[in-house]
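Below you'll find the structure, written out as structure tokens, and then a few comments.
The values are calculated or read from the model by the stated rules, or taken from the named source; none is laboratory data. All values derive from a computational prediction rather than experimental measurement. Backbone-built Cβ (ideal geometry, glycine too); neighbour counts: all protein chains shown. Areas reflect the complete protein model, heavy atoms only, side chains present, ligands, DNA and RNA absent. Shrake-Rupley method; radii C 1.70, N 1.55, O 1.52, S 1.80 Å.
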Amino acid sequence: MWDPAQYSRFRDERKRPFFDLLARVDAASPSQVADLGCGTGDLTRLLAERWPSARVSGVDASSEMIEAARRGAPVGAVRFEVADLADWAPPAPLDVLVSNAALHWLPDPEALLGRLVAKLAPGGVLAFQVPANFDAPSHRRVDAVRALPRFAAALAPVRRGLVASLPVYASWLFGLGLTVEAWETTYLHILPGEDAVLEWLLGTTLRPVLAALGDEEARAFVEALRPLLRESYPAQPYGTPFPFTRRFVVARRVR
């Protein structure tokens, strides 16, 4: 289960890559727009504000996130629904398909991109960003705790996020007949509060991990992880510096 409140704790930091991605989407007046992995719907509403004549679909696999999205203020022709991101079928071919930090949760990224491209109209744009920090200290520390004998068996089936390199993404999409722009950015977030990096991970990376454990074991996992993250990311008087790398791809289907 995803926790909209926990996820939104670092709302501004999570929004910034979305704006950087959207700045490279050149679409004058799309009629069908989708946001896959829309979460609480805040950014989906921004798509509706940018393209007020479009029908905008916000899709997420989490019913908790969609419930939170539906409670938000209505903007334009926005529709939120619970669905598997890989299998969701749009009401019509999409002129713009956006995904902000969601596609890495799904298996077989090459086949996934093929299915997503098939949802595009001629000239349609696929724009996504995914985290690329799986070798960062934060994830290495999570992996170290996952490997402890107390947790290893229960967590063996829990998949880590799966992200390809930029050249691989480009190769797949060029092979599907799209033009491609791709880049990578490392943000330095200065996170407020105690155990800030742990709180960040509790909103994303740790959700499937803790969900696979019972309440007692989940608490034990967090307490084993806490001092390791404090060591890797020492708090400063101004906050906790947290470098975070993301990969961006904007691809257009040739007419």
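Tell me the trypsin sites (Lys or Arg not before Pro) within the range 127-197 that lie in a loop according to DSSP and have at most 12 other beta-carbon atoms within 10 Å. Kindly include the intermediate steps, with their values, before the conclusion.
Working: sites: 140, 141, 146, 150, 159, 160; in loops: 159, 160.
Answer in residue order: 159.
Can you give me the Cα centroid spacing of the range 227-241 and the range 88-103 in angstrom?
37
When only C-alpha pairs under 8 Å and at least 6 residues apart count, what is the relative contact order of the chain, in percent? Could the numbers behind the result be given before it?
Values: 450 pairs, mean separation 58.6, N = 255.
23 percent.
Between the range 119-196 and the range 24-57, what is the separation of their alpha carbon centroids in Å?
22
What is the calculated FRET efficiency for residue 23 to residue 216, with r their C-beta to C-beta distance and R₀ = 45 Å, to the nearest 0.05?
0.50
Can you find, among 72, 31, 144, the residue sitting farthest towards the positive end of the charge dipole of the chain, where Lys and Arg contribute +1 and Asp and Glu -1 at Cβ?
31
Name the residue farthest towards the positive end of the dipole of the range 143-255 from the options 244, 189, 165, assuming +1 on Cβ of Lys and Arg, -1 on Cβ of Asp and Glu, about the Cα centre.
165
For the chain, what is the accessible area per residue in Å² when the probe is 1.4 Å?
Details: 11560 Å² over 255 residues.
Normalised by residue count, the accessible surface of the chain is 45 Å².
Which entry is the computed volume of the Cα convex hull per residue in Å³ for this structure: (i) 112; (ii) 154; (iii) 122?
Working out volume of the Cα convex hull per residue in Å³ from the coordinates points to (iii).
Could you calculate the contour length gain from residue 108 to residue 70, that is, 0.36 nm times the residue separation minus the distance between their Cα atoms, to one decimal place in nm?
Details: separation 38, 0.36 × 38 = 13.68 nm, distance 3.02 nm.
Residue separation times 0.36 nm, minus the Cα-Cα distance, leaves 10.7 nm.
Between residue 16 and residue 153, what is 0.36 nm times their sequence separation minus the Cα-Cα distance? Round to one decimal in nm. Working shown, then result.
Working: separation 137, 0.36 × 137 = 49.32 nm, distance 3.69 nm.
Here the answer is 45.6 nm.
Taking 0.36 nm per intervening residue step and subtracting the Cα-Cα distance, what contour gain separates residue 115 from residue 50 on full extension?
20.8 nm
Carbon and sulfur together cover what percent of the accessible area of the range 114-255 at a 1.4 Å probe radius? It would help to have the intermediate numbers written out before the result.
Values: 3720 of 6560 Å².
Carbon and sulfur: 57 percent of the exposed surface of the range 114-255.
If you build a Gaussian network model of the chain, linking Cα atoms that sit under 10 Å apart, which residue out of 187, 238, 169 swings the most?
Highest fluctuation of the listed residues: 238.
Which residue fluctuates most in the GNM of the chain (Cα springs below 10 Å): 77, 102, 61?
Looking only at 77, 102, 61, the largest GNM fluctuation is found for 77.
Under unit Cβ charges (Lys, Arg +1; Asp, Glu -1), what dipole magnitude, rounded to 20 debye, does the range 79-225 have relative to its Cα centre? Provide the component values of the computation, followed by the final result.
Values: 11 positive and 17 negative charges, 46 e Å.
Dipole size: approximately 220 debye.
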